[in-house]
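Since the structure comes first, as structure tokens, the remarks are kept for the end.
Please treat every number below as a calculation from the coordinates, not as lab data. For clarity, every value in this text was computed on a predicted model and none was experimentally measured. Positions of Cβ are generated from backbone atoms using ideal geometry, with glycine treated the same way; all protein chains shown enter the neighbour counts.
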Amino acid sequence: MRLPEPLRHTWAVASKDLLIEFRSRTAIISAAMFVVLVLLVFTFARDPTAVAAIDLAPSILWVTLTFAAVLALNRAFQLELENQALDGLLLAPIGRSSIYLGKLIANLLFVGTVELIGVPLLALFFNISVWPYAAPLALVIVLATVGFVSVGTLFSAMTVRTRVSELLLAVLVLPFMIPPLMWAARATGPLLAGRPLSDITGWLKMLAAYDIVFVGLALLLFPATVNE
Amino acid sequence: MLLAEQLHHSFGAVKALDGISFSVRPGQTLAIFGPNGAGKTTLLKVLAGLIRPQKGRAHVEGGRRAIGWIGHQAQLYNQLTVRENLRFWASLYDVVPPPELLARLGLEEHADRPVRALSRGLVQRVAIARALVHDPAVLLLDEPFTGLDRTAAETLGRLLAQHADAGGGRATVLVTHNVEEGTGLATDVAFMRAGRFVHFGPRAGRGAQQVSEEYRNAIA
């Protein structure tokens with residue numbers, strides 16, 4: 001079965017980005033190294049007698065993943081500046097939304113990979129059990145990741161043509177990441193403490209609402225950010 | 001068929017396009033010469049739909065699907081091979097790369113090499129292949145000879161001339177500040193200064209030297 005045209009274009013953009021990252025592995029290695037180092041620093045720096053690992057782990061997990069995601073998001077449109085490939089994308093007869101969604105999918109898979117490294121490491125370093133809560137924890141991670149990656153992908157396009165794009169992206173995107181980051185940390189805490197899923201449905205709903213609003217807004221605003 | 005009607009566009013106080021009108025028919029190759037900052041690239045970007053003009057209208061029959069673009073930047077991904085690049089760009093136009101394209105451009109033996117491993121001349125050939133992958137009716141060329149040595153520039157000129165003649169003729173617009181290299185390809189020439197055409201007309205068999213002299217007089 002042949003996919004509808006916009007979906008084919010979306011997948012073409014996403015698979016191209018993933019193939020480039022698979023070849024170079026520069027961003028994934030930097031982001032993964034960042035996660036490992038930050039978690040190690042927190043492991044050695046914390047005083048285990050002052051705060052229990054279970055109380056500290058959710059905040060550390062989400063702060064680490066957020067900054068790793070910012071590192072990863074920087075590369076989303078940087079590779080389009082090389083040889084001005086972005087102009088070629090904009091000239092092609094494909095919708096701007098296909099470009100955005102392609103980038104979003106590639107970034108989600110990319111950040112997801114970093115999270116797959118980060119969560120087991122957190123469990124290992126902080127000696128906490130995540131396996132019994134894997135499914136609800138995965139749901140929290142997916143909802144939060146879609147939220148901040150959707151915003152980050154938009155800002156990555158917005159800042160890529162500026163001289164200090166890496167700094168500007170962090171400055172612009174971090175305030176927008178605070179709500180999903182906060183809600184995700186609030187949802188992760190009770191989960192790791194063994195509380196039932198019903199205790200965090202409020203946070204999950206807020207994360208889902210954030211995702212719908214910001215993916216929708218990003219789709220609306222993206223054409224204006226890439227047009228000259 | 002390509003049509004520009006009273007195009008106006010400014011960047012702040014700088015007028016990049018100041019009332020430009022012209023048309024290019026299939027089989028016609030218009031070479032637009034002008035110094036740096038004359039508005040040549042802006043004009044090409046407006047024709048391609050990459051910039052929306054503040055006034056006036058640009059129309060390309062067949063829309064974006066009909067346009068092929070070759071610039072001094074190759075619009076290729078360095079980490080991907082030649083074949084992967086062509087496959088990607090073709091997929092955006094819902095076509096598959098024509099099997100003879102690589103051979104026509106002398107790229108067959110380089111098809112599985114990453115673009116970053118190619119010389120500047122070869123990269124420019126891949127850029128041509130990328131621009132032709134969907135067999136565009138209109139070709140827009142932005143300083144395509146920049147950075148090429150004489151041999152590579154001659155090869156590029158020959159390939160572009162072949163494409164312009166193929167299939168009953170394609171409309172081509174070439175902008176460059178290099179009159180020597182651009183004249184050989186042109187059926188028509190225009191001289192551009194400060195966002196305006198100061199000359200527009202058929203080349204009528206004039207050689208590069210004569211066009212160069214007229215250009216210097218017109219721009220001075």
- Can you spot the lysines whose alpha carbon is less than 24 Å from B:LYS15's alpha carbon? Ignore those fewer than 8 places along the same chain. B:LYS40, B:LYS45, B:LYS55
- Message: If you take every DSSP beta bridge fully contained in chain B, what fraction is antiparallel? Give it as a percent rounded to 5.
- Response: 55 percent
- Query: Which value results for Rg/Rh of the protein assembly as shown when Rg is the Cα radius of gyration and Rh the Kirkwood radius based on the inverse mean 1/r?
  - Reply: 1.08
- Message: Let me check I have the definition right: for segment B:130-169, take the eigenvalues of the Cα gyration tensor, multiply each by 5, take square roots. What are those semi-axes in whole Å, largest first?
- Response: 20, 12, 8
- Item | Cα gyration tensor shape for segment B:20-75, rounded if a/c is under 1.5, else prolate or oblate | rounded
- For A:ARG163 and A:SER30 in the same chain, what is the full-extension length gain: residue separation times 0.36 nm, less their Cα-Cα distance, in nm? 45.7 nm
- Task: Just tell me how shielded A:79-87 is by partners: mean number of partner chain Cβ atoms within 10 Å of each residue's Cβ, no decimals.
- Result: 6
- Task: List the extent of the Cα atoms of chain A along each of their three principal axes, largest first, rounded to whole Å.
- Result: 59, 34, 34
- Task: Take each of the peptides B:210-219, A:5-14, average the number of other beta-carbon atoms within 10 Å over its residues, and list them starting from the highest.
- Result: A:5-14, B:210-219
- Message: For B:ILE51, B:ILE128, A:ILE54, A:ILE178, which order do you get if you count the other beta carbons within 10 Å of each Cβ and list the fewest first?
- Response: A:ILE178, A:ILE54, B:ILE51, B:ILE128
- Message: Residue by residue through B:127-138, how many Cβ atoms from other chains fall within 10 Å of the Cβ on average?
- Response: 1
- Note on the structure: So the pair-distance distribution of segment B:1-103, from every Cα-Cα distance in 10 Å bins, comes to percents of 12, 38, 30, 18, 2
- Task: Take peptide B:67-80, look around each residue's Cβ out to 10 angstrom, count Cβ atoms belonging to other protein chains, and average those counts.
- Result: 5
- Message: For segment A:61-127, I need the span (max minus min coordinate) of the C-alpha atoms along each principal axis, in Å, sorted largest to smallest.
- Response: 52, 20, 14
- Looking at the protein assembly as shown, what % of its DSSP beta bridges pair antiparallel, to the nearest 5? 55 percent
- Message: Please report the net charge: other residues with Cβ closer than 14 Å to the Cβ of B:ASN85, K and R +1, D and E -1.
- Response: +3
- Query: Mean projection of the alpha-carbon convex hull of segment B:71-208 over all orientations, in nm²?
  - Reply: 9.0 nm²
- Query: Could you state the number of Å between the C-alpha centres of segment B:35-72 and segment A:69-120?
  - Reply: 26 Å
- Task: Using Cα centres only, tell me the gap between segment A:27-62 and segment A:132-152 in whole Å.
- Result: 18 Å
